[in-house]
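Below is one structure, written out as structure tokens; the observations come after it.
Readers should treat all values here as calculations from the given coordinates under stated rules, not as data from a laboratory. From a predicted model like this one, the values you see are computed outputs, not experimental measurements. Using ideal geometry, Cβ is built from the backbone for each residue, glycine included, and neighbour counts are taken over all protein chains shown.
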Amino acid sequence: MSLVTVNIGDNDIEEGCFRPAAIDHACVENGLAAIRANIPVIIAALRTAAGAGVPIVGITDYDQFLAYWLRGPSGRRVARASVRVIARLNQVVDTLYRQAGVHVADAGPEFGSTDLTHPTPLAGHGRVPRGVATMCRLTWACGKRLDDHPNDTGYAVLATVIERVTGRLRLPS
């Protein structure tokens, strides 16, 4: 049996709206408007291409902007504020996916996207919030430039999140 996975919408707010020193909230609002307009069209096209019987699993976003925590006081402010913005993004995307009959795989908890409380050691940085350490462990976000893509370990975590959803769907092997 076939399966389609999608992770769409996050670039509409992530590219250009987040800087190490601030979040452009007007940009975020414009991005959310674009997401509301685009996701239903994209999912409809995917549904047509895949066929009615093929499950689609949409992945919600993890908060790679927690990596800004490592860039000093202004970065920590952005990291804290990003938690609310990414939660809002995920709420919008989750709603749109569900309205379109797409199953949702929530990546955020596995990537520690909201955990800014539990101090955890991070090599070269001392103790940082668990979410920051997890983001650094599972993505390339803590390098010289913010690269939000998962590393091999992060992709394995995403696969596990998707498998949990597909397991509930009782897909044939």
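For this structure, a couple of remarks:
- Remark: LEU158, LEU138, LEU3 ranked as LEU3, LEU158, LEU138, counting other beta-carbon atoms within 10 Å and listing the fewest first.
- Phi-based couplings in Hz for segment 115-121 (Karplus 6.51, -1.76, 1.60; Gly and Pro marked x): 8, 10, 10, 7, x, 9, x
- Long-range amide H partners of THR5 with built H, under 5 Å: VAL57
- Semi-axis lengths (Å, descending) of the ellipsoid that matches the C-alpha gyration tensor of the chain: 30, 20, 11
- With a cut-off of 15 Å between beta carbons, the residues surrounding LEU122 carry a summed charge of +4, where Lys and Arg count +1 and Asp and Glu -1.
- Couplings for segment 32-48, taken from phi via the Karplus curve 6.51 cos²θ - 1.76 cosθ + 1.60 with θ = phi - 60°, read 5, 5, 5, 4, 4, 7, 8, 4, x, 5, 5, 5, 4, 5, 4, 4, 4 Hz in order; Gly and Pro are left as x.
- Segment 23-49 and segment 125-173 have Cα centres separated by 23 Å.
- Annotation for segment 95-173: trypsin sites (Lys or Arg not before Pro) lying in DSSP loop with at most 15 further Cβ atoms inside 10 Å of their Cβ are LYS144, ARG145, ARG170.
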